[in-house]
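The values are calculated or read from the model by the stated rules, or taken from the named source; none is laboratory data. A quick note: this is a predicted structure, and the numbers were derived from the prediction, not measured. Every residue, glycine as well, gets a Cβ built from its backbone with ideal geometry; the counts of neighbours run over all protein chains shown. Accessible surface areas use protein heavy atoms only, side chains included; no ligands, DNA or RNA. Shrake-Rupley method; radii C 1.70, N 1.55, O 1.52, S 1.80 Å.
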Amino acid sequence: MPFAGTNGGVENPSPPPPAPLTFDQLREVLDLSLRAGQLMLENGANTARVEDAVEQLGHALGASRMDVFVTPTGIIASDTSGVEHRTRLLRIYHSGIDLNRTGCVLELTRRAAAGELTPAQVREQLEQISRQPRLYGLGLTTLWIALACACFALLFGGGLPEVIATGVAAAGAHLLRAGMGRLNFGRITATYLVAVVASFAGLQLANLLGARTSEVALLSPVLLLVPGVLMVSSVSDLFRGDTVSGMARAMQAFLVTVTIGAGLWTTTLLSGVKVTPFGAPLAPLMLSVPLAFITTAGFAVLFDVPRKALTLSALVGAAAWTTRTVVLALNAPPEVAFFAGGMVCALLAEPLSRWLKLPPSTFIIPGFIPLVPGISAFHTVIDLASADYARGTAGIVRTSILIGALAAGIGVVNALRPTPKNAGR
């Protein structure tokens, strides 16, 4: 028998191991662990975080061993205790973005690991989390999205007509997307329709208000559709060696981006407007930094970031934007500037996540949105659809390199820190 130590020269035996779970108890442990993983995966968590949470909760509830494999569309898990084991596959059919809900599930797993919750309490709290409303109502979220996209219009040199047109179009687009979500439209179909409506409304309103650069109002409203969560999750998965999930999420992000571009191209066909390429921020640094702060805050509200992290996530986005802008001002290559911006975003997210006990993605996902070269990607799709293959091909290469540099900046930091499983032990 092993011994824990001594007390005044008398050896104290370690406490006996817990009794093995029964077959039915193992089934309950597996059901609860998978339910926690389902809530996280449906609300934007990456596969590494989901695997760690499922395993941690299973151990906390009494399983002696947990084997977990997560993909973007399913979870396979097996738990063991004594000679009994159970295995189950859970398919994921819905996906969204609610970083507050994923944070609540992680907090629940930490409490269960500390022995504060019984299985019955875990089940009750998981169901409460699944039913809890978003932190920010539809009206407030719509207002922030309108403000964020209007700030994008200012960042790219738009005047008052472009700002007003962008804000109104973005607000309408968000309300349309929310309504289509309640009607269970497919993601690609909804993205295309919202992109058409947002870009066409922005363009027409800008022309009505006498805008000088109406293409700014055409492109800025659709930036709310940028697949930021998919991009960050794919980078995280790829840098930890999970090629299947990483490539699947990267392909989803690519399809969404192409769909947005197709919506913009449709608007150009309907309106007959010729979009003039632009990509470099036109606003001065002293103005662009607070604009980047507001933009990041708007997307943080859209992603339902917990209130205690809202201001900090906006600061992370402003810092990453400032870094990229300063590096560009020093005549460094754009790839270096995007890499530096991504690194700053991830480096700031790490200590903040430990301080507030939230996933780093709570700060990284909103923080890197202002850096995404979405305008360049949309121009590329429009060029290819317009049969300008030379410029379109050049745009593919340029956009891919910039996104790769940004992803590498985030991924390098993720690769240098311990994985969640190692970090928690």
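Tabulated data for the structure shown
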item: Heavy atoms of Ile188 accessible to a 1.4 Å probe, total area in Å² rounded to 10; result: 80 Å²
item: Peptide ranges 106-113, 26-33 listed from the most packed, as the mean C-beta count within 10 angstrom indicates; result: 26-33, 106-113
item: Given charges at beta-carbon only (K, R positive; D, E negative), |dipole| of the chain in Debye; result: 440 debye
item: Positive dipole terminus of the chain, leading residue within Leu57, Met286, Gly298 (C-beta point charges); result: Met286
item: Cut-off under 5 Å, modelled amide H: who pairs with Gly74 long-range; result: Ile92
item: Magnitude of the charge dipole, the range 124-243, Cβ model with Lys/Arg +1 and Asp/Glu -1, debye to 20; result: 180 debye
item: Binned Cα-Cα distances of the range 178-231, short to long, each 5 Å bin given as a whole percent; result: 4, 20, 23, 20, 15, 10, 6, 2
item: Karplus (6.51, -1.76, 1.60) ³J(HN,Hα), θ = phi - 60°, over the range 63-71, in Hz, Gly and Pro reported as x; result: 5, 7, 8, 10, 10, 10, 9, 10, 10
item: Note, ³J(HN,Hα) from phi for the range 330-338, Karplus 6.51, -1.76, 1.60, rounded to Hz, x at Gly and Pro; result: 7, 6, 7, x, x, 4, 5, 5, 5
item: Mean separation of Cα contacts under 8 Å, 6 or more apart, over the residue count of the range 115-271: relative contact order %; result: 23 percent
item: Positive-pole candidate from Met251, Leu90, Thr268, dipole of the chain, charges at beta carbon; result: Thr268
item: Spacing of the two label points (7 Å from each Cα toward its C-beta) at Arg354 and Thr243, in nm; result: 3.3 nm
item: ³J(HN,Hα), Karplus 6.51/-1.76/1.60, whole Hz, each residue of the range 130-136, x for Gly, Pro; result: 5, 9, 5, x, 5, 4, 10
item: Candidate values (i) 69; (ii) 51; (iii) 48, label of the one derived for percent of Cα pairs over 29 Å apart; result: (iii)
item: Percent accessible area from carbon and sulfur atoms, the chain, protein chains only, probe 1.4 Å; result: 64 percent
item: Segment Ala178-Ile396, extension gain: residue separation times 0.36 nm, minus the distance between their alpha carbons; result: 75.4 nm
item: Contour minus Cα-Cα distance for Thr73 and Phe23 (0.36 nm per residue); result: 15.3 nm
item: Per residue accessible area in Å² of the chain, where ligands, DNA and RNA are left out and the probe is 1.4 Å; result: 44 Å²
item: Solvent exposure, largest accessible area first (probe 1.4 Å, DNA, RNA and ligands not counted), of Asp237, Asp24, Asp52; result: Asp24, Asp52, Asp237
item: Helix-only CD estimate at 222 nm, as mean residue ellipticity for the chain, using -39500 (n - 2.57) per DSSP H run (n ≥ 4); result: -22500 deg cm²/dmol
